[in-house]
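Asker: Below is the structure I would like to discuss, written out as structure tokens.
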């Protein structure tokens, strides 16, 4: 039976107690990321190639060509236009040497025509807001004359303004002699008004 190293043993009474080994020293984040990159390169990861592609291919080629697949050491690179495909063909030996010298496990380079799907244009905030359900006149929306906000047509027909403006007006009238009249109007059924003596 093996014995634990002295650094992991503590005396306790007549015997010894095992303690866990000290944790490894903390590494800076940069070193952790660099070890991850080198591991990606050794294992032949396409993510590492994507990350290094602008430096490996150079700015002109990197803008118009990109790595598409890495399988069994064969890197497939796609070019957007036949002229860029031809440029890749001419620079294939230099590109392959650059990829290998960067530590990527690539044994051959295959070049093909690639037509990337067009990226969708992002909508502006104004266009999204214009189509927002609260802005569309689907349920009989109208505009409040007091605050120029969209309001349900039922509120507009009942009070002549939106519910928020109605609340503000009622809070302004609170405590005035007209409060009883307002309460009787709110409690009256539709179409009927009660008279107070």
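Asker: Say a paramagnetic label sat at a point 7 Å from the Cα of residue 59, along Cα to Cβ; which residues of region 67-109 have their backbone N under 12 Å from it?
Answerer: Under 12 Å, as judged by backbone N against the label point of residue 59, lies no residue of region 67-109.
Asker: Report P(r) for region 78-131: all Cα-Cα distances, bin width 5 Å, range 0 to the bin holding the largest distance, values in whole percent.
Answerer: 4, 16, 16, 13, 12, 9, 6, 7, 6, 7, 3
Asker: Under the 0.36 nm per residue contour assumption, what length would be gained going from the current alpha-carbon distance of residue 124 and residue 168 to full extension? Intermediate values should be presented prior to the final figure.
Answerer: On the way: separation 44, 0.36 × 44 = 15.84 nm, distance 3.35 nm.
Answer, rounded to one decimal: 12.5 nm.
Asker: Something else: Report, please, the projected area of region 54-100 averaged over directions, based on the convex hull of its C-alpha atoms, in nm². Please list the in-between numbers first.
Answerer: On the way: hull surface 12.3 nm².
It is 3.1 nm².
Asker: Sticking with this one: May I ask you to derive the FRET efficiency for residue 102 and residue 81 from their Cβ-Cβ distance with R0 = 35 Å, giving the value to the nearest 0.05?
Answerer: Numbers: r = 26 Å, r/R0 = 0.73.
Taking R0 as 35 Å, the efficiency between residue 102 and residue 81 is 0.85.
Asker: Taking every alpha carbon pair in region 1-113, what does the distance histogram look like in 5 angstrom bins from 0, in percent?
Answerer: 2, 11, 17, 16, 10, 6, 5, 5, 5, 5, 5, 5, 4, 2, 1, 0, 0
Values quoted throughout were computed directly from the atomic coordinates according to the rules given, and no laboratory measurement underlies them. What you see is a predicted model; the values in this text were computed from it and never measured. Every residue, glycine as well, gets a Cβ built from its backbone with ideal geometry; the counts of neighbours run over all protein chains shown.
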